[in-house]
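Worksheet: one structure, shown below.
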Amino acid sequence: METDPFDHSERNKDCQTLRQLAQEEGVSEPNDLPFMLRPPGATSAALLVHGFTGTPWEMRLLGKALAIAGIASLAIRLPGHGTSPEDLAKKRWEDWYDAVQVGYTILRKDYSSIYGIGMSTGCLLLLAAARTNPMSGLVLFSPYLRIQHWLAPYAGWLKWFRPYQVKPEADNSQKHYYRRRPLAGIHQINRLIKRVRSQLPLITCPVLAFNGEGDQTVDIESGRELIDRMASEIKDYRCYGTDVPHVLTREENPYRVKMFTQAIEFIQGLEGPEHTVSTR
């Protein structure tokens, strides 16, 4: 497992509890456990929320970049992730939302300024949370309101006939994801989208969002639509080219470092010049 000088995952009691719960529920890969990074003197923190079938692992590089810039972070694990597809198939979006709420409550103990940073479905959950929990800002990687596959809207019916969608093996990172994606989970995403869509005009916190034209998972036009529907006065939407994939927080994204820098500058700009720390 990677080591990090800012890592407080085993020193913070709340994060310890999250990690123990994950292990009790069947998470065996250490890098798939929740983590907390706390640079000295940090006054703001980010709640990191991974995507569907992913784990906190996909948020680790972002957490490191934030820590170097003086921003603390807590990466939670959504229930049913890092365990098995069968476990995920039993979860509801409300279970995922509860995990986000727990993470927010943990950070609120030590930080008054909290930013939500999500990857894909993690964006939807943070948007749902932002409706009732004060957020200093949101950074959304691959946000969406529609999944590309034309059968996705029918997942609630199809799950009874075809419980799983099987993805081809791609690379070593796939050990952190499920090859078999439960359609019951897609159905829960559809339910979550319906909830978030109705709440977007009520969300007013500053937002920075990224999509990539190479995304083969979600409809990126719906990402722009999502941002347009928000009531935020501060909005910054950036869409990169066809060489940019769905998962923007991992090495596969050729503009990952640039996006991380833009996200950090966005947060620092909201915090004020006295909080600016060089990321170089």
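Tell me, Cys123, Cys239 in order of fewest to most beta-carbon neighbours within 10 Å?
So the ranking, lowest neighbour count to highest, is Cys239, Cys123.
Lysine pairs in the chain with Cα distance under 17 Å, only those 8 or more apart or on different chains: how many are there?
Step by step, the pairs that qualify in the chain add up to 6.
Can you pull out the trypsin sites (Lys or Arg not before Pro) in region 6-37 whose DSSP state is coil and whose Cβ has at most 10 other Cβ atoms within 10 Å?
In loop regions of region 6-37 (DSSP not H, G, I, E or B), the sparsely surrounded trypsin sites (Lys or Arg not before Pro) are Arg11.
Name the residue farthest towards the positive end of the dipole of the chain from the options Ala184, Met135, Trp160, assuming +1 on Cβ of Lys and Arg, -1 on Cβ of Asp and Glu, about the Cα centre.
Value computed over the given set: Trp160.
Starting from the 7 Å offset along Cα-to-Cβ, what nm value, one decimal, do you get for the label separation of Val166 and Glu25?
2.7 nm
Just going by the charge dipole of region 1-101, with Lys and Arg at +1 and Asp and Glu at -1 on Cβ, which of Leu61, Trp93, Thr43 is farthest out on the positive end?
Thr43
Please name whichever of Tyr237, Gln262, Leu202 sits farthest to the positive end of the charge dipole of region 13-275, dipole taken about the Cα centre and charges placed at Cβ: Lys and Arg +1, Asp and Glu -1.
Towards the positive end, the residue furthest out is Leu202.
In units of 2.2 N^0.38 Å, what is the alpha-carbon radius of gyration of region 13-275?
0.93
Taken together, the values in this text are just the output of simple stated rules run on the coordinates, not laboratory data. All of these numbers come straight from a predicted model, not from anything done at the bench. A quick note on method: Cβ atoms are made from the backbone with ideal geometry, for glycine too, and the neighbour counts reach across all protein chains shown.
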